[in-house]
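Working notes, beginning with the structure itself.
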Amino acid sequence: MSNEFFEKPILNSPYEYPMRHWELDKQGQPTQRIIENRRRVEFITPIPKPRKRKAAAKQSEIIFDEGEGLSTSEQQYDPTPIINDLRLHVDQWRQLQNPNDWHVTPETVRLLQHWRHHKFNSFRPFFCQVEAVEVAIWLTEVAPQAGKAGSMILEEAVTSIPVVPDI
């Protein structure tokens, strides 16, 4: 029996917006079905099913507390809701055709137009690299002017980032 998920796991170009993904079931197992949109952010690790299983085992989550007993699964930090919300806002902003609607500085307009439309001869930035910069631009230049939605994202981003103590 063929398992297309493991034979051809990559469906998208690294240079373009991800338009498809493999569907995974609730246990992180591939269903062999391709979904025609970008996957939402979730902490899932697809692991092949074992050949023999005595009981229905559930994969537990890793709690990152370095063995110090400082964290529990209830206290676990989950950034996925804000990442999905931020991604939605940046996607909508990225689709604006008119640079005057971007609410960024002229220098940022030139930078974005270069990355989005320049025909690179050799080293071309990956989509994820451009998206990371777009997120930083959106958070610093666009969100402060985006009204309630921008304020809510900025507030959530500031208050939900875990503070790492100095060592």
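Read the figures in this text as sums done on the coordinates, not as results from a lab. The model shown is predicted, which means the values in this text are computed figures rather than measured ones. For neighbour counting, all protein chains shown are included, and Cβ atoms are generated from backbone atoms with ideal geometry for every residue, glycine included.
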Between the alpha carbon centres of segment 95-149 and segment 1-43 the gap in Å comes to 27 Å
In whole Hz, the Karplus estimates of ³J(HN,Hα) for segment 24-41 (6.51, -1.76, 1.60; θ = phi - 60°; x where Gly or Pro) are 10, 7, 5, 8, x, 8, x, 9, 6, 10, 9, 9, 8, 6, 6, 5, 5, 6
Output ordering of 151-159, 132-140 (per-residue mean of other Cβ within 10 Å, highest first) is 132-140, 151-159
In this structure, the FRET efficiency calculated for Cys128 and Arg51 from their beta-carbon separation, with R0 = 35 Å, to the nearest 0.05, is 0.50
